[in-house]
Amino acid sequence: MSKTPIRNNIRTLRFLHDEMTQQELADKIGVTRQTVHAIEAAKYSPSLEVAFRIAAVFDLPLEDIFHYEPDG
Amino acid sequence: MTNQERYAWISLVSTLAILGLYIVLAIGLPEPIEDHADAISDFFVKAFGFALLVRIGLAVYGAFEKRRVEKDERDALIELKGYRSAYFFVITVVVTLAGHLLISDFVSDAAGARVFLSAPFVTLHVLVITFLVAGVFEATTKLFLYRKDGLS
């Protein structure tokens, strides 16, 4: 899976939320830790449902977490 | 490494073991290693048994450890890509075999007699081996996609 044009700042947000681990976030949104890693590394674009679950965990709107960077 | 990736490894080992066993028992080995057929088939049986035991062990372990997510949307996507590569392989072989049958038929018509370019049972072997190799394609595609992310 090559890099997707959808970037995110989940790693920073995890750090700001009591240094939440990838496993803790994965358990909260119902995916595996490997999927959280792939999303953070922009190697996998999550479904809308998972994106909304991530937004709910950090209590932020989607656009504050995910950014579309087609040329990045 | 997720359980789904472990299952892909088990699938690869067990399919290779069945494929190897089929080749040894149904087709036979080339002359230089023909004498070792028993030892080789014994190895494939043990490999299959080992894969089966590990699979059962993982299933039992998974039943007791229900806290974590077993399979998610990314696993489903990788699984679909595995099936797709297996499908492309199977369809390529089936189309090639169909073409081969058509050519056989055409040659038979031209010759005025029934002519087979290969024995019918060879076609059966090709089909069985194709389905087993398709399983190998599926497992390796999944493992490639899991490993490509570089996290175990």
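Values in this text are rule-based calculations from the coordinates and carry no lab data. Please read these numbers as outputs of a predicted model, since none were measured by experiment. Heads up, the Cβs are rebuilt from the backbone with ideal geometry, glycines too, and the neighbour counts pull from every protein chain shown.
Project the alpha carbons of the protein assembly as shown onto their principal axes and report the range along each, largest first, in whole Å.
Sorted largest first, the three principal extents are 79, 43, 28 Å.
State the answer as a single residue: which of A:32, A:15, A:55 lies farthest towards the positive end of the charge dipole of chain A, with beta carbon charges of +1 for Lys and Arg and -1 for Asp and Glu, about the Cα centre.
A:32
Within chain B, what's the longest stretch lacking GluC sites (Glu not before Pro) that sit in DSSP loops with no more than 16 other Cβ atoms inside 10 Å?
Details: sites that count: B:65, B:70.
Looking at chain B, B:71-152 is the longest stretch - no exposed GluC sites (Glu not before Pro) with at most 16 other Cβ atoms within 10 Å.
How shielded is A:5-13 by partner chains, expressed as the average number of their Cβ atoms within 10 Å of its Cβ atoms? Could the numbers behind the result be given before it?
Details: counts 0, 0, 0, 0, 0, 0, 0, 0, 0.
Across the residues of A:5-13, the mean count of other-chain Cβ atoms within 10 Å is 0.
Taking the Cα centre of the range B:1-148 as origin, sum charge times position over the Cβ atoms of Lys and Arg (+1) and Asp and Glu (-1), and report the length of that vector in debye to the nearest 20.
Values: 14 positive and 15 negative charges, 164 e Å.
That gives the range B:1-148 a dipole magnitude of about 780 debye.
Assuming a viscosity of 0.890 mPa s and a temperature of 25 °C, what translational diffusion coefficient in µm² per second does Stokes-Einstein assign to chain B, Rh being the Kirkwood radius over Cα pairs? Intermediate values should be presented prior to the final figure.
On the way: Rh = 18.2 Å.
This corresponds to a translational diffusion coefficient of 135 µm²/s.
Specify which residue in the list B:22, B:48, B:3 is farthest towards the positive end of the charge dipole of chain B, using unit charges on the beta carbon of Lys, Arg (+1) and Asp, Glu (-1), about the Cα centre.
Farthest along the dipole direction, towards plus: B:3.
Amide H of residue A:8 versus every other amide H placed in the peptide plane: which residues, excluding those fewer than 5 positions away on the same chain, fall under 5 Å?
Sorted by chain and number, the residues that satisfy this are A:67.
Normalised by the residues of chain B, what does the relative contact order come to in percent, with Cα pairs under 8 Å and at least six apart? Don't skip to the end; give the middle numbers.
On the way: 110 pairs, mean separation 61.8, N = 152.
Here the relative contact order equals 41 percent.
Filter the trypsin sites (Lys or Arg not before Pro) in the range B:15-121 to those in DSSP coil with at most 12 other Cβ atoms within 10 Å of their Cβ, and list the result. If you can, show how the numbers build up before the last one.
Numbers: sites: B:46, B:55, B:66, B:67, B:68, B:71, B:74, B:81, B:84, B:114; in loops: B:66, B:67, B:68, B:71, B:114.
When the trypsin sites (Lys or Arg not before Pro) of the range B:15-121 are filtered for loop state and at most 12 Cβ neighbours within 10 Å, B:66, B:67, B:114 remain.
Based only on the alpha carbon positions, what is the Kirkwood hydrodynamic radius of chain A, in angstrom?
12.1
Quick check on the protein assembly as shown: helices-only [θ] at 222 nm, where DSSP H runs of length 4 and up contribute -39,500 (n - 2.57) each and the sum goes over total residues. Nearest 500, please. Numbers along the way, then the final one.
Details: 8 runs with 150 residues, N = 224.
Mean residue ellipticity, 222 nm, calculated: -23000 deg cm²/dmol.
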